[in-house]
Amino acid sequence: MEEKRYYYKVSLSNTHRGRCIQELIEKGNRAVEAANELAASLGAESRTDRPERLFPGVGIGSLKFHRVPNLFAYQFIGKGEYIPNMQNEKGKEIARKIMDLPDVTSDDFRVAFGIPINRQHTPQWFIYNGKAYLCSRYPLGEEYETILQQEFESKRKKV
(Lines give C-alpha, C1' and ligand atoms only; values in the text may rest on other atoms or scores of the structure.)
Protein backbone atom coordinates (compact mmCIF):
# COMPACT_ATOMS: atom_id res chain seq x y z
CA MET A 1 0.00 0.00 0.00
CA GLU A 2 1.43 3.35 -1.04
CA GLU A 3 1.80 6.06 1.56
CA LYS A 4 -0.47 9.09 1.16
CA ARG A 5 1.25 12.27 -0.02
CA TYR A 6 0.12 15.86 0.40
CA TYR A 7 0.98 18.49 -2.22
CA TYR A 8 1.18 22.20 -1.46
CA LYS A 9 2.36 25.52 -2.75
CA VAL A 10 3.00 28.81 -1.00
CA SER A 11 4.02 32.25 -2.25
CA LEU A 12 7.44 33.33 -1.01
CA SER A 13 6.62 37.02 -0.88
CA ASN A 14 3.23 37.70 0.64
CA THR A 15 2.80 35.05 3.35
CA HIS A 16 4.46 34.44 6.70
CA ARG A 17 5.38 30.87 5.77
CA GLY A 18 6.78 32.02 2.42
CA ARG A 19 8.99 34.58 4.14
CA CYS A 20 10.26 31.89 6.53
CA ILE A 21 11.15 29.65 3.57
CA GLN A 22 12.81 32.60 1.82
CA GLU A 23 14.98 33.18 4.92
CA LEU A 24 15.97 29.48 4.86
CA ILE A 25 16.98 29.81 1.20
CA GLU A 26 19.05 32.92 1.97
CA LYS A 27 20.77 31.14 4.86
CA GLY A 28 21.49 28.15 2.60
CA ASN A 29 22.89 30.39 -0.14
CA ARG A 30 25.21 32.08 2.38
CA ALA A 31 26.41 28.64 3.55
CA VAL A 32 27.06 27.56 -0.06
CA GLU A 33 29.01 30.77 -0.70
CA ALA A 34 31.14 30.20 2.43
CA ALA A 35 31.93 26.62 1.32
CA ASN A 36 32.91 27.85 -2.16
CA GLU A 37 35.15 30.55 -0.66
CA LEU A 38 36.88 28.06 1.66
CA ALA A 39 37.43 25.57 -1.18
CA ALA A 40 38.95 28.35 -3.31
CA SER A 41 41.19 29.52 -0.46
CA LEU A 42 42.44 25.94 -0.07
CA GLY A 43 43.38 25.94 -3.75
CA ALA A 44 40.68 23.47 -4.82
CA GLU A 45 39.38 23.46 -8.37
CA SER A 46 36.00 22.08 -7.27
CA ARG A 47 34.32 20.32 -4.37
CA THR A 48 31.55 17.91 -3.52
CA ASP A 49 28.77 18.61 -1.01
CA ARG A 50 28.87 17.22 2.47
CA PRO A 51 27.11 13.84 2.69
CA GLU A 52 23.63 13.93 4.28
CA ARG A 53 23.24 17.59 3.33
CA LEU A 54 19.80 19.11 3.75
CA PHE A 55 20.41 22.05 1.44
CA PRO A 56 22.12 21.58 -1.96
CA GLY A 57 25.74 22.73 -2.02
CA VAL A 58 26.23 23.15 1.73
CA GLY A 59 29.46 21.95 3.31
CA ILE A 60 32.46 20.20 1.83
CA GLY A 61 32.56 16.44 1.36
CA SER A 62 35.73 16.25 -0.71
CA LEU A 63 37.95 18.55 -2.77
CA LYS A 64 39.30 18.25 -6.30
CA PHE A 65 42.55 19.95 -7.26
CA HIS A 66 44.05 20.81 -10.63
CA ARG A 67 47.31 19.22 -9.50
CA VAL A 68 48.14 16.80 -6.73
CA PRO A 69 47.90 18.75 -3.42
CA ASN A 70 50.22 18.48 -0.42
CA LEU A 71 49.72 14.88 0.68
CA PHE A 72 50.62 15.74 4.26
CA ALA A 73 47.49 17.88 4.38
CA TYR A 74 45.21 15.76 2.17
CA GLN A 75 44.39 12.12 1.69
CA PHE A 76 43.44 10.68 -1.73
CA ILE A 77 40.07 8.86 -1.72
CA GLY A 78 39.76 8.06 -5.43
CA LYS A 79 38.31 9.64 -8.57
CA GLY A 80 40.57 12.67 -8.16
CA GLU A 81 39.03 13.57 -4.78
CA TYR A 82 40.82 14.41 -1.55
CA ILE A 83 39.82 14.83 2.08
CA PRO A 84 41.83 16.31 4.97
CA ASN A 85 44.55 13.96 6.26
CA MET A 86 43.67 13.48 9.92
CA GLN A 87 47.11 11.96 10.70
CA ASN A 88 48.79 15.36 11.12
CA GLU A 89 48.12 18.90 12.32
CA LYS A 90 47.82 20.50 8.86
CA GLY A 91 45.02 18.10 7.88
CA LYS A 92 43.28 18.54 11.23
CA GLU A 93 43.42 22.32 10.81
CA ILE A 94 41.76 22.04 7.37
CA ALA A 95 39.12 19.69 8.81
CA ARG A 96 38.37 22.22 11.59
CA LYS A 97 37.84 24.94 8.98
CA ILE A 98 35.44 22.66 7.10
CA MET A 99 33.56 21.79 10.32
CA ASP A 100 33.25 25.52 11.15
CA LEU A 101 31.41 26.25 7.90
CA PRO A 102 27.81 27.46 8.34
CA ASP A 103 25.19 24.76 7.98
CA VAL A 104 21.47 24.41 7.37
CA THR A 105 20.13 22.14 10.09
CA SER A 106 16.97 20.11 10.40
CA ASP A 107 15.80 22.65 12.99
CA ASP A 108 16.12 25.37 10.34
CA PHE A 109 13.84 23.30 8.09
CA ARG A 110 11.33 22.68 10.88
CA VAL A 111 11.02 26.40 11.57
CA ALA A 112 10.90 27.43 7.90
CA PHE A 113 8.33 24.86 6.78
CA GLY A 114 6.34 24.67 10.02
CA ILE A 115 7.03 20.96 10.40
CA PRO A 116 5.44 19.49 13.54
CA ILE A 117 7.99 18.45 16.19
CA ASN A 118 6.84 14.81 16.11
CA ARG A 119 7.54 14.43 12.36
CA GLN A 120 10.94 13.25 11.16
CA HIS A 121 10.74 13.57 7.38
CA THR A 122 11.61 16.79 5.57
CA PRO A 123 9.20 17.44 2.67
CA GLN A 124 10.45 17.34 -0.91
CA TRP A 125 10.52 20.92 -2.09
CA PHE A 126 11.61 23.24 -4.86
CA ILE A 127 11.13 26.85 -5.90
CA TYR A 128 9.40 27.85 -9.15
CA ASN A 129 8.28 31.36 -10.16
CA GLY A 130 8.36 32.82 -6.65
CA LYS A 131 6.47 29.94 -5.07
CA ALA A 132 7.63 27.00 -2.98
CA TYR A 133 6.14 23.64 -3.99
CA LEU A 134 6.11 20.84 -1.42
CA CYS A 135 5.32 17.15 -1.24
CA SER A 136 4.86 15.93 2.33
CA ARG A 137 4.02 12.63 4.00
CA TYR A 138 1.78 14.46 6.47
CA PRO A 139 -0.53 17.49 6.37
CA LEU A 140 1.23 20.83 6.93
CA GLY A 141 -1.65 23.12 7.78
CA GLU A 142 -3.62 26.15 6.72
CA GLU A 143 -0.67 28.29 5.61
CA TYR A 144 -0.23 26.22 2.47
CA GLU A 145 -2.46 26.07 -0.59
CA THR A 146 -3.30 22.44 -1.41
CA ILE A 147 -2.60 21.45 -5.02
CA LEU A 148 -2.94 18.31 -7.11
CA GLN A 149 -0.05 15.93 -7.68
CA GLN A 150 -0.11 16.74 -11.42
CA GLU A 151 0.59 20.44 -10.76
CA PHE A 152 3.49 19.53 -8.45
CA GLU A 153 4.99 17.10 -10.99
CA SER A 154 4.59 19.48 -13.95
CA LYS A 155 6.37 22.33 -12.11
CA ARG A 156 9.13 19.98 -10.90
CA LYS A 157 9.88 18.96 -14.49
CA LYS A 158 10.34 22.63 -15.41
CA VAL A 159 12.92 23.23 -12.65
Excluding residues fewer than 8 places away in the same chain, name every one of the lysines whose C-alpha is closer than 29 Å to that of Lys79.
Lys64, Lys90, Lys92, Lys97
What area, in nm² and to one decimal, does the C-alpha convex hull of the chain cast on average over all directions?
12.0 nm²
Can you list the residues of the stretch 67-82 with backbone N under 18 Å from a point 7 Å past the Cα of Glu93, pointing along Cα to Cβ?
69-75
Among Asp100, Asp108, Asp49, the residue with the largest mean-square fluctuation in a Gaussian network model of the chain built from Cα contacts under 10 Å is Asp100
Output ³J(HN,Hα) for the stretch 21-28: one whole-Hz value per residue in order, computed from phi by the Karplus curve 6.51 cos²θ - 1.76 cosθ + 1.60 with θ = phi - 60°, and x for Gly and Pro.
5, 4, 5, 4, 4, 5, 4, x
Could you look at the stretch 21-159 and say what percent of its accessible area is carbon and sulfur, using a 1.4 Å probe and all protein chains?
50 percent
Calculated FRET value between Met86 and Asn118, using beta carbons and R₀ = 41 Å, to 0.05
0.65
Chymotrypsin sites (Phe, Trp or Tyr not before Pro) restricted to DSSP loop in the stretch 67-140 with at most 14 other C-beta within 10 Å
Phe72
List the residues, sorted by chain then number, that are 5 or more residues from Gln75 or on another chain and whose placed amide H is less than 5 Å from its amide H.
Ile83, Asn85
Dipole check, the chain, charges on Cβ (K,R +1; D,E -1), about Cα centroid: among Pro51, Tyr138, Asn88 the Cα furthest to the positive pole belongs to Pro51
Figure the gain on full extension for Tyr128 and His66 (residue separation times 0.36 nm, minus the Cα-Cα span) and round it to one decimal in nm.
18.8 nm
Could you work out the local net charge near Val104, counting Lys and Arg as +1, Asp and Glu as -1, over the other residues with Cβ closer than 14 Å to its Cβ?
-3
Go ahead and set up a Gaussian network model of the chain, Cα springs under 10 Å, then flag whichever of Lys79, Lys92, Lys131 fluctuates most.
Lys79
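The values are calculated or read from the model by the stated rules, or taken from the named source; none is laboratory data. Remember, predicted model here, so these are calculated numbers, not experimental data. Note that we place each Cβ from the backbone using ideal geometry, even for glycine, and neighbour counts take in every protein chain shown. In case anyone asks, the SASA skips ligands and DNA or RNA and just uses the protein heavy atoms, side chains included. Shrake-Rupley method; radii C 1.70, N 1.55, O 1.52, S 1.80 Å.
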